[in-house]
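Asks: One structure coming up, written as structure tokens, with questions to follow.
The values are calculated or read from the model by the stated rules, or taken from the named source; none is laboratory data. Source: prediction; values computed, not measured. So basically every Cβ, Gly included, is an ideal-geometry build from the backbone, and we count neighbours across all protein chains shown. Accessible surface is based on the protein model in full, side chains and every heavy atom, while ligands, DNA and RNA are left aside. Shrake-Rupley method; radii C 1.70, N 1.55, O 1.52, S 1.80 Å.
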Number of protein chains: 2
Amino acid sequence: MNEHKEIIIGMFGFGVVGEGLYKILQQTPSLNARIKKSCIKHPGKKRNAPEELFTTDKDVLLFDDEINVIVEVIDDSVAAFDIVTTALKNGKAVVSASKKMIAENLEELLQLQKETGLPFLCEAAACASIPVIRNLEEYYDNDLLHSIRAVVNGSTNFILTKMFDDKLDFQDALILAQQLGYAESNPSLDVEGYDAVNKWVILLNHAYGIVEKSDKILFTGIQNIQLRDASVAKEKGFDIKLVAQAKTLLNGKVAAYVLPQFVKLDDQLAFVKNEFNGVVIESGFADRQFFYGKGAGSLATGSAVMSDISALRYDYKYEYKKLYHHKPKELTNDFYVRVYISFNEVKSIRKDDFEWIEEWHAGLERSYLIGVIHFQKLQNTNWWKEDGVSLILTADGIIEEIDSRNAKKRSLELAGIL
Amino acid sequence: MNEHKEIIIGMFGFGVVGEGLYKILQQTPSLNARIKKSCIKHPGKKRNAPEELFTTDKDVLLFDDEINVIVEVIDDSVAAFDIVTTALKNGKAVVSASKKMIAENLEELLQLQKETGLPFLCEAAACASIPVIRNLEEYYDNDLLHSIRAVVNGSTNFILTKMFDDKLDFQDALILAQQLGYAESNPSLDVEGYDAVNKWVILLNHAYGIVEKSDKILFTGIQNIQLRDASVAKEKGFDIKLVAQAKTLLNGKVAAYVLPQFVKLDDQLAFVKNEFNGVVIESGFADRQFFYGKGAGSLATGSAVMSDISALRYDYKYEYKKLYHHKPKELTNDFYVRVYISFNEVKSIRKDDFEWIEEWHAGLERSYLIGVIHFQKLQNTNWWKEDGVSLILTADGIIEEIDSRNAKKRSLELAGIL
């Protein structure tokens, strides 16, 4: 049962993930895979591997006929794209962990896979150790996928957990995350939602066949969430998570975003604490499934890369069934959302943007409202992302249709109250 | 990207799972798979499919050269084994959902796969919609697997949930489970743990390369659990689950069993309520992962069978790496467990079997003790399974080594108390 070909790897990058993978491969000779060369940027650095493993010349890897798999775990998305495209054009299978590079170049990468017929695997690029891409490819195959909701960023989830469970304020929680290695020294990629939306672009593709740039998907991070918001959530029986969601609407189109959201305490996502990730998939046949695990870290990421290498032994590649064998789903912004918005000053709020406002709480320290707003209005404006304003989707979130008479009635009522 | 061969299926059985699969395949033409014939037992029954689909002659399927995949979803484990072996010998790939048949004939099935080189896939046989077998095969590949703990039986989990959350007693909870279709009219296979241990035999094989009969694995069900046990659990801050566990001990051997166990309320398994299943995998590289979903039902099972069919398009088969490429792990009974045992009459309890007893609670209604016992003693005796005696593993469960002086001291102390 061991008829698989030998995997001979050219690896770009030897940072925490690359070194993790190197270790894993050394401990698993049965995989029949070895790293022949690793291309690095700074040759002077001390590394835990023999010197002859390394080169700074990318062509040594990309034009070596013996190397049949290029593994790319570097930080520079422009260089990564160049490496990946050259590798595919040179007839090599590719394993990549660069979510930013993939999200930015999704269309080109799909085209190249089509042209070359070669595998491009990227399990490590979304939720690391959780095998979500392969499961979306294989298990919801032609299933009726109702929705996918996920916590895809460990840094922000760690910070929210500390705010929620230990009542740390945002800054203290962020510093703790940095001390423990769960957040970068420049944390804005994580904290402001860029990392999460890049992963979401990739998962939307495998889940629904959607090919879209990240700037077309509404997102924000947790940078404006206040400790006071966590208290309100607790009083109301909710937790707060940075939730990436995609949901099939009644009209067949897909609503998708990455936003902070209240989640019920018995929701699977409330179970995802600290630096962990979690994915809830609801579908017609398999019903509700929940995957939970580490979304980052050298070994968790290394193990995801290794699983891709393992799959390459039997020439596995993504089929992108939702994209090529079905009519791919379309994104829509034509729906409503119920949101909680807290603020320091009333003038930050554009009340007229709302269909109606259901709750208005004014306090000396901080105030908040709960109201229903058209999703496109959030897309078109930025006031809700400004300093001091914190938007959190309510647990019921998406409202597909509203009764406009009802809206007017509620607005009128409101006029009497406010 | 659609170069896959056509899958032409001969299906044995057209019960809830078979019909579920038939529906799923009709709705998914992109799979390029069709059921050519279905072999049934009772031709008279009304079925939601054209009459010409059916035959009662198994050879019509097994000797049809066009049929390249046999799907077997019948209830009779003897007939199923006959079908599966004939199919493999006739050069056909097999997809099976019969956990009992697989557990009973594991060695022969492995041998046949080796001889024929053909795929035998059975994702539906353990935890249905949760892709646990494929993930154990692919993702913990050569990982250091520390432990796997799971709720693998939906019926018993539903009953325990109702006892725990709604304070129903065992009989009432069982009747409710039967009314809702979560338990069979003859529930003993589920309730007494037979179904769970069969699944565990299969998962031990894919997780650790262990090939063992179910009667070599200590198991019991929930038939003796009392409402009073649930109250004790609650007082102490625990839930009760029927837990299937396998754990790598320090000596490299594996401890495995299926037993009721107290689980902490923040344990992933406590999250698994009602008819759902859940699997927690702890490993060196990927850390802790948790999979959750429906473990039974026609569509959940059908979707697992479909995922196997889908995998057959690129000739996927299990490699049984832990068995063939590594030294497979050995089971051991040489360890201790801390157990809670409740009872009506003191004479039911063999106190001398314990290393020591830590707690002794005598009550008018019911009494219980907590003590440490060698695992082999549980294997060798049956008193703890008798009517009126209920054994529940404590949350810390396995104790690899005890200090015998300490044990004696504790016993002496106890002698003074009791």
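Asks: How far is B:Asp59 from the same spot in each other copy, in nm, shortest first, if each label point sits 7 Å from Cα toward Cβ?
Replies: When each copy's label point is compared with this one, the spacings are 6.8 nm.
Asks: Right, something else. If you keep only loop residues by DSSP, which trypsin sites (Lys or Arg not before Pro) in segment B:1-79 have at most 13 other Cβ atoms within 10 Å of their Cβ?
Replies: Values: sites: B:Lys5, B:Lys23, B:Arg34, B:Lys36, B:Lys37, B:Lys41, B:Lys45, B:Lys46, B:Arg47, B:Lys58; in loops: B:Lys5, B:Lys41, B:Lys45, B:Lys46, B:Arg47.
Of the trypsin sites (Lys or Arg not before Pro), the ones in loops of segment B:1-79 whose Cβ has at most 13 other Cβ atoms within 10 Å are B:Lys5, B:Lys45, B:Lys46.
Asks: Follow-up question, since we're still on this one. So if R0 is 60 Å, what FRET efficiency would A:Glu6 and A:Ile399 give, r being the distance between their Cβ atoms, rounded to the nearest 0.05?
Replies: Working: r = 55 Å, r/R0 = 0.92.
Given R0 = 60 Å and the Cβ-Cβ separation, E is 0.60.
Asks: Segment B:277-390: percent of C-alpha pairs farther apart than 22 Å?
Replies: That fraction is 63 percent.
Asks: If segment A:132-293 were replaced by its equivalent ellipsoid, with semi-axes equal to the square roots of 5 times the Cα gyration tensor eigenvalues, what would those be, largest first, whole Å?
Replies: For segment A:132-293, the semi-axes come out at 27, 17, 14 Å.
Asks: Additional query: Binning every alpha carbon pair distance of segment B:336-417 at 10 Å from zero, what are the percents per bin?
Replies: Each 10 Å bin holds this share of Cα pairs: 17, 54, 27, 2.
Asks: Sorted from largest down, give the three principal axis spans of the alpha carbons of the protein assembly as shown, whole angstrom values.
Replies: 77, 68, 66
Asks: Right, next: Across chain A, how large is the tail of the calculated P(r) beyond 28 Å, expressed as a percent of all Cα pairs?
Replies: Tail of P(r) above 28 Å: 50 percent of Cα pairs.
Asks: What is the P(r) of segment A:193-243, as percent of Cα-Cα pairs per 5 Å bin from 0?
Replies: It works out to 4, 18, 22, 16, 13, 13, 10, 4, in whole percents.
Asks: Same structure, new question: For chain B, what relative contact order do you get, as a whole percent, if you take Cα pairs closer than 8 Å and at least 6 residues apart?
Replies: Normalised by residue count, the contact order of chain B is 17 percent.
Asks: Let me ask another. Semi-axes, largest first, in whole Å: what does sqrt of 5 times each Cα gyration tensor eigenvalue give for segment A:147-201? Mind showing how you got there, number by number?
Replies: Numbers: eigenvalues 80, 38, 12 Å².
The three semi-axes for segment A:147-201 are 20, 14, 8 Å.
Asks: Would you calculate a helix-derived [θ] at 222 nm for the protein assembly as shown, using -39,500 (n - 2.57) for each DSSP H run of n ≥ 4 and dividing by the full residue count, to the nearest 500?
Replies: On the way: 30 runs with 287 residues, N = 836.
Helices in the protein assembly as shown give a 222 nm mean residue ellipticity of -10000 deg cm²/dmol.
Asks: Still on this model: Let me confirm one metric for peptide B:236-246, namely the mean number of other chain beta-carbon atoms within 10 Å of its residues' beta-carbons.
Replies: 0
Asks: Answer rounded, prolate or oblate for segment A:34-178, using the Cα gyration tensor with square roots of eigenvalues a ≥ b ≥ c: rounded when a/c is under 1.5, else prolate when a/b is larger than b/c, else oblate.
Replies: Cα axes put segment A:34-178 in the oblate bin.
Asks: Moving to a separate point now. So, R0 is 60 Å and r is the distance between the beta-carbons of A:Gln376 and B:Asn380; what FRET efficiency does that work out to, to 0.05?
Replies: Efficiency, from the Cβ-Cβ distance: 0.30.
Asks: Obtain the nm distance between the two label points defined at B:Arg228 and A:Asp315 by a simple spin-label model: each point lies 7 Å from its Cα along the Cα-to-C-beta direction.
Replies: The modelled label-to-label distance comes out at 6.6 nm.
Asks: Using only Cα atoms and rounding to the nearest 10 degrees, what angle (0 to 90) does helix B:404-417 make with the longest principal axis of chain B?
Replies: Between helix and principal axis, roughly 60 degrees.
Asks: Show me the ranking of peptides B:256-263, B:126-133, B:272-279 by mean Cβ neighbours inside 10 Å, starting with the highest.
Replies: Highest-to-lowest ranking by the protection proxy: B:126-133, B:256-263, B:272-279.
Asks: So if I place +1 on the C-beta of Lys and Arg and -1 on the C-beta of Asp and Glu, and nothing else carries charge, what would the dipole magnitude of chain B be about its Cα centre? I want it in debye, nearest 20.
Replies: Rounded to the nearest 20 debye, it is 240 debye.
Asks: While we're looking at this one, here's another question. Excluding ligands, DNA and RNA, what is the accessible area buried between chains B and A, summed over both sides, using a 1.4 Å probe, to the nearest 100 Å²?
Replies: 4600
Asks: When the chain is fully extended, how far beyond the present Cα-Cα distance does B:Asp353 get from B:Asp65, taking 0.36 nm per residue of separation?
Replies: Value of the extension gain: 97.7 nm.
Asks: I need the inter-copy label distances for A:Val211: point set 7 Å along Cα to C-beta, values in nm with one decimal, smallest first.
Replies: Result for A:Val211, in nm, nearest copy first: 4.8.
Asks: What size of dipole, in debye to the nearest 20, comes out for segment B:132-293 about its Cα centre when the only charges are +1 on Lys and Arg C-beta atoms and -1 on Asp and Glu C-beta atoms?
Replies: Computed charge dipole of segment B:132-293: roughly 320 debye.
Asks: Total Lys pairs in segment B:336-417 closer than 15 Å by alpha-carbon, pairs eight or more apart in sequence or interchain only?
Replies: Values: B:Lys347/B:Lys385; B:Lys351/B:Lys377; B:Lys351/B:Lys385; B:Lys351/B:Lys408; B:Lys377/B:Lys385.
Taking segment B:336-417 as the scope, the lysine pair count is 5.
Asks: Given the pairs A:Lys317/B:Lys322; A:Lys41/A:Lys317; B:Lys92/B:Lys317; A:Lys213/A:Lys321, which span a C-alpha to C-alpha distance of over 22 angstrom in this model? Don't jump to the answer; show the numbers that get you there.
Replies: On the way: A:Lys317/B:Lys322 24 Å; A:Lys41/A:Lys317 30 Å; B:Lys92/B:Lys317 13 Å; A:Lys213/A:Lys321 20 Å.
Distance filter (> 22 Å) returns A:Lys317/B:Lys322; A:Lys41/A:Lys317.
Asks: For A:Lys264, go through the lysines and keep the ones whose alpha-carbon is under 19 Å away, minus same-chain ones fewer than eight residues off.
Replies: Partners within reach: A:Lys162, A:Lys167, A:Lys234, A:Lys236, A:Lys241, A:Lys247, A:Lys273, B:Lys273.
Asks: Now for a different question. Once the Cβ-Cβ distance between A:Ser30 and A:Glu184 is put in as r, and R0 is 30 Å, what FRET efficiency do you end up with, to the nearest 0.05?
Replies: Values: r = 35 Å, r/R0 = 1.18.
The computed FRET efficiency comes out at 0.25.
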